[in-house]
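For reference, the structure discussed in these notes is given below.
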Amino acid sequence: MTVVADGGRYLERPRSNGLADVVDVILDKGLVIDAFVRVSLLGLELLTIDARIVIASVDTYLRFAEAVDRVVLAPAPTTGVPELLEKATEGGAKKKTKGAVEGAKESAKSALGKDEEEESVR
Amino acid sequence: VTRTATPRRSHAASSVQVGPASGRWLVHGVVSAGTTPCDPEIEVITHGDVAGLVRRPAPQSTRWARRALLAHADLLDRIAATGAVLPLRFGTVVPSREGVERDLLVPYHDAFAAALVTLAGRAQFTVRAKYLSDAILLEVLERDPGTRRLHQRMRAQRNAPDHGDRVALGEKVAQAIMATREADATVLADSFGKYATLASVQVPSSVEGYRIADAAFLVDLDRLALFEETAERLARRWRDRARVRLLGPMAAYHFADRLIYGPIEGR
């Protein structure tokens, strides 16, 4: 797919849809025809993975507690908050607290045959 | 925007037959009669003012599914960039060629035609925003002295931190991120909403993954520059705390149901 223009400096504007975006954005979207039994959806098991399970467990909270420790304790004690923020930004969205939801989507992605990270689709 | 809502809506996929498909004709989407997809693998089946874009599916396999899904998106997005297309859910199959007309194009003709009028000159743009995990954690600690104090108290306990305290800390952090996310999703909806005919802003049910929202907008293509400027401005404003991705033009995946069955509750 071709897009109209490149993004500016801060906006990510991928030129084409990677598999990750396609799976996340459109796999469960689009018109569902439900008035006629003779129109049906392909029953591919991998497409029925429910990637929107609500996970709010003790494990989730413990991962957040761990993430807070990591963020607060990792930098040198002399570093101020603005610098901390800079460091955090450089580090990017590390998936330390990766949970079941991302996991489910990832299994959908790998089920579809390719382990493609969003970062690679810029 | 006017729309006809002829067919009855039962809930989403619940009444759709899901299982080994007996059908062999995969319908990607519906266009106005006369629209040509320029794809040799796609057959156009026309009835009145509308036409179905149909592919003969190969036997099911993971490899086929991946290729067909990408082809589905590619075909529909290519048409959406310049014309109108109503996307069907990926994997919609009809058992016979005649069935495409009889079971789909005939009963839905007027609803399809009306939706295609709404879609003309417009396309969906999807904004995906995600916090930088370290930045948002620092942000909520900074903002909430109670959480910070709890964390400090736990660290002061020289022995192994109390399990209950750790759970409480994590819960406070999760709730703070959720509250921040609600506020940011509203910023997102308000920033782009004024340039869009239809909007759908969804906050994920879980805070894990640090997603702020997946927001879809149906945008007039002649107002696209304004929309893109807004996206760039927001990405700049959030540069230290979030990544903002803009996808599109794409087919109106998030709005197809709404255009046929009418608005549903929720935002």
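The values are calculated or read from the model by the stated rules, or taken from the named source; none is laboratory data. These numbers come from a predicted model, not from an experiment. Methodologically, a virtual Cβ is constructed for each residue, glycine included, from the backbone with ideal geometry; neighbour enumeration extends over all protein chains shown. Areas reflect the complete protein model, heavy atoms only, side chains present, ligands, DNA and RNA absent. Shrake-Rupley method; radii C 1.70, N 1.55, O 1.52, S 1.80 Å.
Some values worked out for this structure:
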read-out	value
Within a Gaussian network of chain B (alpha carbon springs, distance under 10 Å), most fluctuating of B:Gly91, B:Gly99, B:Gly146	B:Gly146
Relative contact order %, chain B, counting alpha carbon pairs below 8 Å whose residues are six or more apart	26
A:Asp59-B:Glu229 FRET efficiency (beta carbon distance; Förster radius 56 Å; 0.05 resolution)	0.85
Per DSSP, loop GluC sites (Glu not before Pro) in the stretch B:221-267 with at most 11 further Cβ within 10 Å	B:Glu265
Efficiency of FRET between B:Asp74 and A:Leu73 - r from beta-carbon atoms, R0 35 angstrom, step 0.05	0.15
Relative contact order (%) - the stretch B:121-267, alpha-carbon pairs under 8 angstrom, separation at least six	41
Test item: B:159-169 mean partner chain Cβ contacts at 10 Å	3
Additional length obtainable on full extension of the chain from B:Arg155 to B:Val117, 0.36 nm per residue less Cα span	7.5 nm
Unit charges on C-beta of K, R, D, E only; dipole of the stretch B:228-267, Debye	320
Pairwise FRET efficiency - A:Glu66 versus B:Glu43, Cβ, R0 = 56 Å, nearest 0.05	0.55
In the stretch B:57-163, the trypsin sites (Lys or Arg not before Pro) that fall in loop regions by DSSP, at most 16 other Cβ within 10 Å	B:Arg158
Accessible surface of the stretch B:62-118, 1.4 Å probe, proportion on carbon and sulfur as whole %	51
Dipole magnitude of the stretch B:72-132, debye to nearest 20 (Cβ charges: Lys/Arg +1, Asp/Glu -1, about Cα centre)	340
Inter-label distance, nm, simple model (7 Å from Cα along the C-beta direction), B:Asp144/B:Glu182	1.2
Relative contact order (%) - criterion: Cα under 8 Å, at least six apart; region: the stretch B:71-128	53
10 Å Cβ neighbours from other chains, averaged over peptide B:50-56	0
Fully extended contour minus Cα-Cα distance, from B:Ser61 to B:Asp222, at 0.36 nm per residue	53.9 nm
Theoretical gain in end-to-end length, B:Thr36 to B:Lys194 [0.36 nm per residue, Cα-Cα removed]	53.6 nm
